[in-house]
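> Please find one structure pasted underneath; my questions will follow.
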Amino acid sequence: MTDTTSNQMWGGRFAAGPDAIMEAINASIGFDKRLAAQDIAGSRAHAAMLAATGIVSDKDAEAMREGLLTVLSEIEGGTFEFSTALEDIHMNVEARLKEVIGEPAGRLHTGRSRNDQVATDFRLWVRDQLDAAEAGLVTLLQACLAQAEAGADWVMPGFTHLQVAQPVTWGHHMMAYVEMFGRDLSRVRDARRRMNECPLGAAALAGTSFPIDREMTAEALGFDRPCANSLDAVSDRDFALEFLGVASICAMHLSRFAEELVIWSSAQFRFVALSDRFSTGSSIMPQKKNPDAAELLRAKVGRIFGANVALMTVMKGLPLAYSKDMQEDKEQVFDAADHLMLALAAMEGMVRDMSPLRDNLEAAAATGFSTATDLADWLVRVLGMPFREAHHVTGSLVAMAEKKGCDLPDLSLEDMQSVHAAITGDVFDVLGVHNSVASRTSLGGTAPVRVREQIARWKEILS
């Protein structure tokens, strides 16, 4: 069966419409209808420019601009009927515009191509997602800062290899994630600045002979400038790849935090209590409170990494300029953006709602010989011992404590002096976890005074 609607859109070059298989593989309206608002914004800016440059009449441009608003209201109201035969959002909008305003709709595509049109639409959409990610990261940073400020001097174990290493403060641990998410925020902002160039007016690949004003359309759409090269403008998807790269690193950070929340909320650790809003129960075990939100968030990274790899693979071998392969650029980005925004919101909620169990944190901080490094440092600082010797002496004292089934502060002075006679009772001043964290005053250290300085710095940055 010949598809006359499709033939009309394509013009006289093709005598018959595509068969069902070709239509199915060729059509993108099933997913690129998400670009409707951006497509109509780009078309309205283009129509205004066509009138300003005298390419179309003011009357026709006004009809196009008003008609496009009608089409947008239909799409937003759910009454618009999308057609697979019309392939994509651009043709669907243009066909409906012709039904609404008649002959002037045929002038809208003057001086442009679907190649620069989709590149513009997609940039606008990705820019919106970067703005949304920025807002999500700011609220997450604020939630982490609130937790850090509340527990700036609470002690907890710091880990390496998931083994107790040295005491740190709860505030210090939260501020580590502030630094992580702060880098994500800077990458989002940096990516937005770099991608904010307008492809509209590049046409199919070589520009156009019409006297268009690309500066005008770029400004109308909030871009900093037009893309400088028409070939690059229609074939570039770096902005989408960079969004996926930024999203992948951010999702990895979210996954690491989610993993800690899963561990910390377990019965074996009991470092935090997650709120009921972000936990679920078991169908058969009434005692269970599962950190499902954190577990699901931890899994989102797989989808986002996958989208990154998929689009890299699509783009890796494409010659300039546009190829139909690039129709496969959107679904991965749409999916990754959806799940990144969901993950940011879920993490912000979990962090804001969670209750650190201070007594448990402090009790755990004192286990696992966590102040052994403080002891070694004391031997160096007070007794003038070379660090390697101090390391050996401390190791011997740890072995003694292990054999006695106690921790370092529980050894007697006589026990310590049996390993090294010069040790004095002053050593016990550094073996308490609070003394340990208070002593770590180097820049970036865990001492509460340093933590509060960093909190103040980040509050100023976010303000």
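The values are calculated or read from the model by the stated rules, or taken from the named source; none is laboratory data. None of the values given here were measured: they were computed from a predicted structure. Every residue, glycine as well, gets a Cβ built from its backbone with ideal geometry; the counts of neighbours run over all protein chains shown. Quick note on the areas: whole protein, heavy atoms, side chains included, nothing else; ligands and nucleic acids left out. Shrake-Rupley method; radii C 1.70, N 1.55, O 1.52, S 1.80 Å.
> Could you give the accessible area per residue of the chain, probe 1.4 Å, as a whole number in Å²?
It amounts to 46 Å² per residue over the chain.
> With N set to the number of residues, divide the alpha-carbon radius of gyration of segment 310-392 by 2.2 N^0.38 Å and report two decimals.
Normalised Rg, Cα atoms only: 2.29.
> What's the magnitude of the charge dipole for the chain around its Cα centre, counting Lys and Arg as +1 and Asp and Glu as -1 at the beta-carbon? Answer in Debye, nearest 20. Present the calculation step by step, with values, prior to reporting the outcome.
Numbers: 44 positive and 63 negative charges, 96 e Å.
That gives a dipole near 460 debye.
> Given a 1.4 angstrom probe, I'd like the percentage of the accessible area of the chain that is carbon and sulfur, rounded to a whole number. Please list the in-between numbers first.
Working: 11400 of 21370 Å².
Its accessible area is 53 percent carbon and sulfur atoms.
> Grab the beta carbon distance between residue 355 and residue 463, set R0 = 22 Å, and tell me the FRET efficiency rounded to 0.05.
About 0.25, to the nearest 0.05.
> When only alpha-carbon atoms count, how far does segment 106-219 stretch along each of its three principal axes, as whole angstroms with the largest first?
69, 27, 20
> A further question follows. Sorting check: for 267-277, 209-219, which peptide has the highest mean count of neighbouring beta carbons within 10 Å, and how do the rest follow?
Highest-to-lowest ranking by the protection proxy: 209-219, 267-277.
> Now for a separate question. For the cross-link pairs 59/98; 300/459; 33/324; 300/330, which exceed 25 Å when the distance is taken from alpha carbon to alpha carbon?
300/459
> Just order 396-407, 254-265, 233-244 by mean Cβ neighbour count inside 10 Å, highest at the front, would you?
By packing density, highest mean first, the sequence is 233-244, 254-265, 396-407.
> For segment 204-301, what is the convex hull volume of the alpha-carbon atoms per residue, in Å³?
167
> Determine ³J(HN,Hα), in whole Hz, for all residues of segment 142-159 in sequence, where each value follows from phi through the Karplus function 6.51 cos²θ - 1.76 cosθ + 1.60 and θ = phi - 60°; x replaces Gly and Pro.
Using θ = phi - 60°, the values come out as 5, 5, 5, 5, 4, 5, 5, 5, 5, x, 4, 10, 6, 9, 8, x, x, 10 Hz.
> Using only the alpha-carbon atoms of segment 20-107 as identical scatterers, what base-10 log of I(q)/I(0) does the Debye formula give at q = 0.12, 0.22 Å⁻¹?
Here the Debye-derived log intensity ratios amount to -0.36, -1.01.
> Whole angstrom only: what separates the Cα centroid of segment 439-457 from the Cα centroid of segment 128-177?
13
> If you don't mind, another one. Search the structure for amide H atoms under 5 Å from the amide H of residue 155, placed 1.01 Å from N in the peptide plane, and list their residues when 5 or more places away or on another chain.
It is 170, by chain and number.
> Turning to a different aspect of this structure: In Å³ and rounded to a whole number, note down the convex hull volume per residue for the Cα atoms of segment 114-363. Write down the numbers at each step before the final one.
Details: hull volume 35.3 nm³, N = 250.
Taking the convex hull of the Cα positions in segment 114-363, it is 141 Å³ per residue.
> Based solely on C-alpha atoms, express the radius of gyration and the Dmax of the chain in angstrom.
30.7, 100
> Count charges around residue 441 for me, please; just the other residues with Cβ under 15 Å from its Cβ, Lys/Arg as +1, Asp/Glu as -1.
Cβ neighbours under 15 Å give a net charge of 0.
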